[in-house]
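> Let me give you the structure first, and then I'll get to my questions.
The values are calculated or read from the model by the stated rules, or taken from the named source; none is laboratory data. Just so it is clear, the model here is predicted, and its values are computed rather than measured. All Cβ positions, glycine included, derive from the backbone under ideal geometry; neighbour counts span all protein chains shown. Just the protein is used for accessible areas: all its heavy atoms, side chains included, with ligands, DNA and RNA removed. Shrake-Rupley method; radii C 1.70, N 1.55, O 1.52, S 1.80 Å.
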Amino acid sequence: MIVLMISLMQYALTYELDVNTFSNYLDVQNRHLHLEWLLNMDKKYINATSTYKFQVIGRSINKITLDIYKLNIYSTYLQNGLSLQHTIDYPYADSDQGQRLNIQLDKTYYKGQYIELSIKYSIDSRSRSISFMTKEQTSTKTMPYLFSQCEDANCRALAPLQDTPSVKQTYTATVIFKDTEAADVFMSADESKEEFQVLYRPQDQAGFTWKYKYFIQKVPIPSYLIAIVAGNIKKVPTSTGGRTFLVSEPDKIQAYTDELREMEKFMQAIEQYIGPYTWGTYTLVIQPPSFPIGGMENPLLTFANPTIMTGTGSGLDVTIHEMAHSWFGNTITCVNWANMWINEGFTVFLERKASLFHYNISDDIKLNAIIGNTSMYQDMLGFGLDSNFSSLHPDTTGLNPDDSFSKIPYEKGYQFLTYLESIVGEVDFQQMLRAYLVQYKYQSIDQQEFQNFLLRYLYEQGVDDYSTKRYKILENWNKWVYSPGLPPVILDFSTVKLTEAYDYTQSYINADGKQPTKWEDYINFLHSQKQVFLEDLFKQAQNNLLKLNVIEQIDKDLKLTEENDFELKFRWFRAILTAGDKTRLKQISDFLGSVGRGKMVYPVYRALNLLDHDFAVQIFKTHEAFYHPIAKNNIKNILGLKEISIQ
Ligand code: BES
Ligand code: ZN
């Protein structure tokens, strides 16, 4: 009976578990990580030592288990040099979750005690976190290039770690590299003024010298926010204000800085809604085109895809989004990947608030919500409308949580928060979010805790009609979170601009290969309206209503095949492939070989695969070496080429 009560109490007091880590993080948690990395960029490996300061939080332990993925583990030892036994096993033999590293401790350690230990290991080109690129794959073609992508469960391919968003730690790092292989190196941390003790100093040789950089991240962060970039890169300030910077290869840096001159203003727009940015500086790295995603919010060092630089500013919503993660995701973090909307839904919500402050076009926000909703729905159809992956709480037990990645945490999460805001009222909701950040700063939480906080906050503030609001908040809560498929409440984002975009599609369909009278309307469309039009063309194609003569006319008028804005171009290619157009395959192949951003290449591969599987495979083989391991894997999945391997 007492045992039952204790276990019930524990249940009531703890957050959801993380099913995607093999670590014993409920018994012991790392508080500080130190990395010493020696980069061999040409040879594509990293010699590494990682040092940890673990604290026992359970009753007692004699073993520490960590997540690893294709790392070469050489030795494990305590700070006093005493070597520790370790074994590696594969709890899910046929999955992508990686392996478990079991470290046998020298004795039993008890609650509150610290254990400092080190691991010698290396990372090689099999890593799914680090992309090792040859100089030919870069823009300046002068030096090799390397960057990491850890979210969501890839940092286990960077170091043995408690690879769960529920554990936060500070980190420091020493990075050693050849001056001939990298002009500079940056991490998701500040550069340290203090030099750290170095375990291994390699000898300089004729032709190159070894350089040392030291980093410190003083804020406790989840391990998926550890990041590194190295290559022929340079850092420059963007706008005035002294806190925003840009990193990229030097050849493009001027054009990028010009386009990013409003960066400081973006930050101010976010701050206007949510309060001060507390991380210090903000640096945006424009990565090479094979970067697999749009952006990644590594603290102090956001990574972004070069497709966001269109020359017109149309891709900069990604920057605002990643900046907004400084609050939601990086300050308050989801406790596991089933709660990803605690990061992404809140961030999209803040991003759209800030966009509204900055651009003041409310139609644009609505259209973006509609575009988001459309791709969310497509993702749901892909998973199945009744799959739990189509809910705000996917179950990824035994899987790589990336398998459940979709627009659902973003858009359903955004819609849920917009719905809650409509119940609570805009002002109270904004104040609640500010208080929520104070309350859970540097912690990881689940959605239930957010609900508890929301209700407690409204109660303590003595808001009008508390009990009605409470009732409404709870009425559909579990449906919003747990039910798959479309949300329980459908929000209305319609605007005249939406109808205009649909009418525009119709005018082309009706003109049946001729030029419609209002064809020039497109020029003055909002960027989001152009996307809606192209989405609509895709829908027409799916319904066999987009004829080839119409495609010819549209392309003649709007020059979409030559478009430099890839957000538009990929939608165009998807639509025309779906309509059965085989006359632009050369341009489509060039496109697929010049961009590695999943959002843009996966839909085109999907459409191409339906049209001509063999040709899709052939194009993939041609460009395979260009893609990031994550993208490569996903494309293989789309084309049905994936072989499963555990080593
Ligand atoms: N945190 C995400 C990227 C991510 C999510 C990487 C899950 C791996 C797993 C980032 O903030 C993001 O959402 N990026 C978007 C762009 C954004 C404007 C919606 C992307 O890359 O498409
Ligand atoms: Zn995000």
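> What are the residues whose amide H is under 5 Å from the amide H of Phe245, where those residues sit 5 or more places off or on another chain and H is modelled from the backbone?
Thr238, Tyr282, Thr283, Leu284
> Sort 491-501, 248-258, 622-632 for me by packing, meaning the mean count of neighbouring Cβ atoms within 10 Å per residue, highest on top.
In decreasing order of mean packing, 491-501, 248-258, 622-632 become 622-632, 248-258, 491-501.
> Another question about this same structure. Report ³J(HN,Hα) in whole Hz for each residue of the stretch 324-338, in order, from the Karplus equation J = 6.51 cos²θ - 1.76 cosθ + 1.60 where θ = phi - 60°; Gly and Pro get x.
After applying 6.51 cos²θ - 1.76 cosθ + 1.60, I find 5, 5, 4, 9, 9, x, 8, 9, 9, 10, 5, 7, 7, 6, 5 Hz.
> Could you tell me the extents of the stretch 490-647's C-alpha atoms along the three principal axes, largest first, rounded to whole Å?
58, 38, 27
> Give me the compactness ratio for the stretch 85-155, meaning the Cα radius of gyration over 2.2 N^0.38 Å.
1.61
> To continue, here is another question. Stokes-Einstein diffusion coefficient for the chain at 25 °C in a medium of 0.890 mPa s, Rh from the Kirkwood formula over Cα pairs: what value in µm²/s?
For the chosen part, D equals 94 µm²/s.
> With no solvent and one equal point scatterer per Cα, compute the Debye intensity ratio I(q)/I(0) for the stretch 242-293 at 0.17, 0.22 Å⁻¹ and report its log10, rounded to two decimals.
-0.62, -0.89
> Using θ = phi - 60° and the Karplus relation 6.51 cos²θ - 1.76 cosθ + 1.60, list the HN-Hα couplings for the stretch 16-29 in order, rounded to whole Hz, with x at every Gly or Pro.
Calculated HN-Hα couplings, in order: 4, 7, 9, 7, 9, 10, 9, 6, 8, 6, 7, 9, 8, 9 Hz.
> Still on this model: Can you give the FRET efficiency to the nearest 0.05 for Asp395 and Arg31, using r as the Cβ-Cβ distance and R₀ = 22 Å?
After rounding to 0.05, the efficiency reads 0.15.
> What whole number of Å gives the distance from the Cα centroid of the stretch 593-645 to the Cα centroid of the stretch 95-119?
Centre-to-centre distance over Cα atoms comes out at 39 Å.
> Please give the FRET efficiency for Arg434 paired with Lys539, using the beta carbon to beta carbon distance and R0 = 41 Å, rounded to the nearest 0.05.
Efficiency, from the Cβ-Cβ distance: 0.55.
> When ligands, DNA and RNA are left out and all protein chains stay put, how many square angstrom of accessible area per residue does the chain have with a 1.4 Å probe?
Numbers: 26580 Å² over 647 residues.
Solvent-accessible surface per residue comes out at 41 Å².
> Taking amide hydrogens as modeled 1.01 Å from N in the peptide plane, which residues meet the under 5 Å criterion relative to Tyr45, leaving out close sequence neighbours?
Asn40
> Taking N as the number of residues in the stretch 437-498, what value does Rg over Cα atoms divided by 2.2 N^0.38 Å take?
1.43
> Taking the Cα atoms of the stretch 130-250, what is the range of coordinates along each of the three principal axes, in descending order and whole Å?
44, 40, 30
> Now for a separate question. Can you give the local net charge around Lys469? Use residues other than it whose beta-carbon is closer than 14 angstrom to its beta-carbon, Lys and Arg +1, Asp and Glu -1.
Net charge around Lys469: -4.
> Oh, and also: Quick check on packing: order 330-336, 262-268, 543-549 by the mean number of other C-beta atoms within 10 Å, highest mean leading.
Result, highest mean first: 330-336, 262-268, 543-549.
> Next question, about the same structure. Classify the stretch 21-110: rounded, prolate or oblate, from the alpha-carbon gyration tensor (a ≥ b ≥ c, eigenvalue square roots; a/c under 1.5 rounded; otherwise prolate if a/b is larger than b/c)?
Note, shape of the stretch 21-110 comes out oblate.
> Another one. Mind ordering 430-439, 78-87 by average Cβ neighbours within 10 Å, highest first?
Taking the mean over residues of other Cβ atoms within 10 Å, the ranking is 430-439, 78-87.
> Roughly how far apart, in whole Å, are the Cα centres of the stretch 479-523 and the stretch 209-236?
The distance from the Cα centre of the stretch 479-523 to that of the stretch 209-236 comes to 44 Å.
> Taking every Cα atom in the stretch 403-545, find the radius of gyration and the maximum pairwise distance Dmax, and write them in Å.
Gyration radius and largest Cα-Cα distance of the stretch 403-545: 21.0, 64 Å.
> Given a 1.4 angstrom probe, I'd like the percentage of the accessible area of the chain that is carbon and sulfur, rounded to a whole number.
51
> Full extension from Asn452 to Leu491: what is 0.36 nm times the residue separation minus their Cα-Cα distance, to one decimal in nm?
Computed gain between Asn452 and Leu491 is 11.6 nm.
> Kindly state, as a whole number, the per residue volume in cubic angstrom of the convex hull around the alpha carbon atoms of the stretch 328-460.
114
> If you don't mind, there's one more thing I want to ask. Kindly identify the stretch 193-334 as rounded, prolate or oblate by the Cα gyration tensor criterion: order the square roots of the eigenvalues as a ≥ b ≥ c, call it rounded if a/c is under 1.5, otherwise compare a/b with b/c, prolate if a/b is larger, else oblate.
It comes out oblate by the Cα gyration axes.
> Okay, moving on. How much length, in nm to one decimal, is gained on full extension between Tyr77 and Leu610, taken as 0.36 nm per residue of separation minus their Cα-Cα distance?
The Tyr77-Leu610 span can extend by a further 186.6 nm.
> To continue, here is another question. Evaluate the relative contact order of the stretch 266-355 (contact order divided by residue number), counting alpha-carbon pairs under 8 angstrom at least 6 apart; express in whole percent.
29
> Taking H placed 1.01 Å from N in the peptide plane, check which residues at least 5 places from Ile221 or on another chain put their amide H under 5 Å from its amide H.
Gln169, Thr170
> So what is the 222 nm mean residue ellipticity for the chain from helices alone, if each DSSP H run of at least 4 adds -39500 (n - 2.57) and you divide by all residues, rounding to the nearest 500 deg cm²/dmol?
-12000 deg cm²/dmol
> May I pose another question? Could you give me the ³J(HN,Hα) list for the stretch 252-269, computed from phi with Karplus coefficients 6.51, -1.76, 1.60 and θ = phi - 60°, whole Hz, x at Gly and Pro?
Per-residue couplings from phi come out as 9, 4, 5, 4, 5, 4, 4, 5, 9, 5, 8, 3, 4, 5, 4, 4, 5, 5 Hz.
> State the Cα centre-to-centre distance between the stretch 265-326 and the stretch 346-382 in whole Å.
Cα centres, the stretch 265-326 to the stretch 346-382: 16 Å.
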